[in-house]
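Every number in this text was worked out from the coordinates using simple rules, so none of it is lab data. Given the structure is predicted, the values throughout are model-derived calculations rather than measurements. Positions of Cβ are generated from backbone atoms using ideal geometry, with glycine treated the same way; all protein chains shown enter the neighbour counts.
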Amino acid sequence: MDWKTITQIDRRYLYIILFIFVSIPLLSPLNLPILVGEHAQAMYDTTETLSAGDIVVCSFDFGPATIPENRPQAKGFLFQARELGLRVVATAFWASGGPLGEDILRDVYGSDFPAIPEYGTDVVYLGYIPGNEVGMQTFGDDTWTAKGTDHYGTPMADIPLMQDTRAAEDLSLWCEITSGTPGEQQVIQFVQGRHGGPAALPLVVGSTAVSVPGMMPFYAAGQIVGILNGLSGAGEYESLLAGAYGYPTELLAPLDAQSVAHVIVILFIIAGNISYVLTRSSGGKEK
């Protein structure tokens, strides 16, 4: 083999090869095994410790650009909460999260949402709460002050679930689905930090993969008790839910494609480096 030839390959051919190999698992999933990591397991286990009737928050703080990662994370959490009989107060501190959250709730609770029997007692959607960090702090201090009605204009006083949700002290868990600011750090500072810390209000996070390294100090300190790391974390969470509740998984094909893409890229890198070393050692010069 002439290793020098590899360095001269038109990069467009590499993209074509990658496209072909990534397309295969998308069309016909390979069903590669999913290994559940510590952080996804911790999020699942923390939620499992709650009792029916406990009140949890699910906040949709992301935009359209991160739907592939954040949407399955939120959907999985809401499914688990529903199966456990938890009462869900859903909201968003991002304006873009308002319509995205409503769409996810309809996926989990039915296309008729909010016209479902359990609306107002087991689940409520407050929609977008403005103010960023200030909105979060106000919500933690007094939910009725943060927003006087739900997403559909019903006053808080007329919603049975909100009668029991007056401040952060009434919550058993906060699930922050986020891709930026405000996000988990603002929950820690402006809600958790003002209302008893992580022991009083545990925090679990579904995040884009690029943001997870910055969350590790908070996880190590116990301020975050569980994390879904991007698409892979959502897939791990789905596998846990599928085993326990028969959850209909959606991420097998995308995760297979992601794994294949990683392998192909690694092979390209190895081949390129071997070619470079052999070419240099044989007296070739880089052009």
Gaussian network model of the chain, Cα within-10 Å springs - most flexible of Tyr219, Tyr13, Tyr237: Tyr13
Sorted by Cβ neighbour density within 10 Å, fewest at the top, the residues Val89, Val225, Val134: Val134, Val225, Val89
For the chain, with +1 on Lys and Arg beta carbons and -1 on Asp and Glu, the positive-most of Trp144, Thr5, Val263 along the dipole: Thr5
Among (i) 79, 36, 31; (ii) 51, 39, 39; (iii) 55, 43, 39, the entry derived from the coordinates for Cα extents along the principal axes in Å: (i)
Sequence-separation-based contact order of the chain, relative, with Cα cut under 8 Å and 6+ spacing, percent: 27
Ser111 paired with Gln41, simple spin-label distance in nm, labels 7 Å along Cα-to-beta-carbon: 3.9
11 Å cut-off, amide nitrogen to a point 7 angstrom out along Glu83 Cα→Cβ, residues in segment 42-66: 48
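Based on alpha-carbon atoms only, what is the radius of gyration of segment 84-151 relative to the globular estimate 2.2 N^0.38 Å?
Against the compact-globule rule of thumb, the ratio is 1.11.
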Extension reserve of the Leu267-Glu48 stretch, reckoned as 0.36 nm per residue once the Cα distance is removed: 74.8 nm
3J(HN,Hα) from dihedral phi, segment 209-222, Karplus parametrisation 6.51/-1.76/1.60, rounded to Hz, x for glycine, proline: 4, 5, 8, 5, x, x, 8, 4, x, 6, 5, 4, 7, x
Distance from segment 209-248 to segment 125-147 (C-alpha centre basis), Å: 25
Helix-only CD estimate at 222 nm, as mean residue ellipticity for the chain, using -39500 (n - 2.57) per DSSP H run (n ≥ 4): -15000 deg cm²/dmol
Listed residues Ile34, Ile177, Ile116, most fluctuating in the chain (Gaussian network, C-alpha, under 10 Å): Ile116
